[in-house]
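Here's the structure, in structure tokens; my notes come after.
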Amino acid sequence: MINTKLGRAIVGLAAAATLTLGVNGALAADAPADRVLQPDRYTSDRGRALGQKYQGTLRDLNAKIYHCMPWLDVKPEGIGFYKPKHLDGDIRYLSLNVTVDQQPAAEFTRLAVQDRVSSMFSRYVPHLLRSMATNDLLKEPTLDGFTVIASWLKGEPTSGQPPVMETAAAFMPKALVTDFLRGRASLAQLAEGAHVIAWDGETKLGNVKAKAWADDFVLTYKVAGYTPDPQVTCP
């Protein structure tokens, strides 16, 4: 049973997560403001208009990830309406680019690339989409889709060597995301319809056909000693 095997592997991976919560594990501070791409940083009128119109929505998304999933670190300018490079024209997807704060588990690192990507897709993509795809954005005619990019430590670096991150980017058209969130498409169909690209460090591995299965880690994992900001509604 491949899903059971991969589930065990990624559970072991997450159990080793290392988080910085402050001296007493108190409430986290405000989410860093530099995680959201500012309107003047867009390179087209379409992107700039989306950035201006939904700046508050993007800030709310940043705060929700920061407070509700503190083991995910949104990269600077990691939230914005970016153009997928593999698509022609000024196509705009709402992109969320995160680093997963965890230590590699041997069982996970021994898996094939496709299986590692499938594990991370199952764990994070459907749950993050539920926070990203607000009703207003699903109805926004100038938005074409959603992108979830996740990076994680490939293995323990040897002495004196920099760490190597693996990365998977899942690009999903808005119609597919809408059908998934409305119950008209299954999780397996979401993965089947996603365009997924993987990297090993800076080396692009190319397209990967991800599989997906139910994973409730995001909904059940609790960081010891950490209390989310009560003003933020977590899943």
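The values are calculated or read from the model by the stated rules, or taken from the named source; none is laboratory data. As the structure is a prediction and not an experimental result, all values here were calculated from the model. Note that each Cβ is placed from the backbone with ideal geometry, even for glycine, and that neighbours are counted across all protein chains shown.
The residue list Leu87, Leu96 contains one member that is modelled with pLDDT of 95 or more and closer than 19 Å to Ser151 by Cα, which is Leu96. Counting only strands (runs of 3 or more DSSP E) that sit wholly inside region 138-235, those with at least 3 residues that are in contact (Cβ under 8 Å) with a residue 40 or more places away in the chain are 145-153, 165-173, 195-200.
Taking region 190-228 as the range and being closer than 19 Å to Ile149 by Cα and of a type in the set (S, T, N, Q) as the test, the residues that pass are Thr203, Asn207. Taking the criterion of being surrounded by fewer than 17 Cβ atoms within 10 Å (Cβ to Cβ) and either part of a loop (DSSP other than H, G, I, E, B) or more than 13 Å from the chain's Cα centre (by Cα) (or both), the residues of region 98-134 that qualify are Gln103, Ala106, Glu107, Thr109, Arg110, Ala112, Val113, Gln114, Thr134. None of Ala175, Ala170, Ala194 is surrounded by 13 or more Cβ atoms within 10 Å (Cβ to Cβ) and touching a Leu at 6+ places or on another chain (Cβ under 8 Å) except Ala194.
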